[in-house]
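I have placed the structure first, in the form of structure tokens, so that the comments after it can refer back to it.
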Amino acid sequence: MTEIRVCLVDDQALFRAGIRMLIESQPDLSFAGEAADGAAGAALANRSRPDVILMDVRMPVLDGIAATERILAEADRGGYPAPRVLVLTTFDLDENAARAIRAGASGFVLKDADPEFLLAAIRTVHQGNAVIAANATRNLIAHAGRGSERSPAPPAWAELTPREREIFALAAKGLSNSEIAASEYLSEATVKTHVSRILAKLGLRDRVQLVVFAYEHEL
């Protein structure tokens, strides 16, 4: 079994201790380190190269948004796989959480979420999927989309085939691969291939960024 290496960046020591115990209790997860602010978190990520980072959004020195941007930029410059960033927040509709997603985070989880949900979220983002706190998806993504002026679709949009645009529209509504497959009478493997090609053509990291892209460009 390949362990998922997890780092935690949060300024509350007691919270860090609890999360560390939770992660260390799981056979498929390993705790790769912790930091109390965003700057230290970025340095930890560069040093430890974790698979997933749990990132508090409000911290001293460097907040979770700037830290996420720094971590992903350093991975890009260094030519190594970027970790998946899962933002931790107190509010289910948080402007900062929306901004973190725009910065490249793979989703967000409420700090008071059930332990089982947090563990499932870690495994989900590690697989390349996105996670948004329950009951907040549509509002959060719409909020994120309003964070910048609406603009025409970029030239890359024209590279999508008609079929890929159909899959894009369904994914932008939040449908899973299995739901798209059932709707379009396709196999899940085919849908996954289409989604991967769409993300690559549009330069997007994951499905959360796909939905934000759809709102930004009125698609």
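Throughout, read-outs are computed from the coordinates displayed, never taken from laboratory work. From a predicted model like this one, the values you see are computed outputs, not experimental measurements. Cβ coordinates were reconstructed from backbone atoms using ideal geometry, including for glycine residues, and neighbour counts include every protein chain displayed.
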Note to self: Among L118, L86, L199, which one shows the highest mean-square fluctuation when the chain is modelled as a Gaussian network with alpha-carbon springs under 10 Å?
What the structure shows: L199
Notebook entry, point to check: Taking springs between alpha-carbon atoms closer than 10 angstrom, which of A67, A100, A113 fluctuates most in the Gaussian network model of the chain?
Noted result: A113
Check: Mean separation of Cα pairs under 8 Å and 6+ residues apart, divided by the residue count of the chain: what relative contact order is that in percent?
Finding: 16 percent
Notebook entry, point to check: Relative to the first principal axis of the alpha-carbon coordinates of the chain, what is the inclination of helix 162-172, with its axis defined by its Cα atoms, in degrees from 0 to 90 and to the nearest 10?
Noted result: 40 degrees
Margin query: Sort 7-19, 181-193, 153-165 by packing, meaning the average of other beta carbons within 10 Å per residue, with the highest value first.
Written below: 7-19, 181-193, 153-165
Item checked: Viscosity 0.692 mPa s, 37 °C: Kirkwood-radius Stokes-Einstein D of the chain over Cα pairs, µm²/s -> 185 µm²/s
Check: Between L44, L175, L62, which gets the highest mean-square fluctuation from a Gaussian network model of the chain, Cα cutoff 10 Å?
Finding: L175
Checklist line | Helix-only CD estimate at 222 nm, as mean residue ellipticity for the chain, using -39500 (n - 2.57) per DSSP H run (n ≥ 4) | finding: -15500 deg cm²/dmol
Notebook entry, point to check: Just how many % of Cα pairs in segment 1-89 lie over 17 Å apart, if you round to the nearest whole percent?
Noted result: 41 percent
Item checked: Cα gyration tensor of segment 29-74 - equivalent ellipsoid semi-axes, whole Å, descending -> 16, 11, 9
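Rounded to the nearest 20 Debye, what is the dipole magnitude of the chain about its Cα centre when Lys and Arg each give +1 and Asp and Glu each give -1 at the C-beta? Walk me through the intermediate numbers first.
Details: 24 positive and 29 negative charges, 99 e Å.
Using Cβ point charges on Lys, Arg, Asp and Glu, the chain gives about 480 debye.
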Notebook entry, point to check: Near K173, which lysines are there with a Cα under 23 Å away, not counting those fewer than 8 places off in the same chain?
Noted result: K192, K201
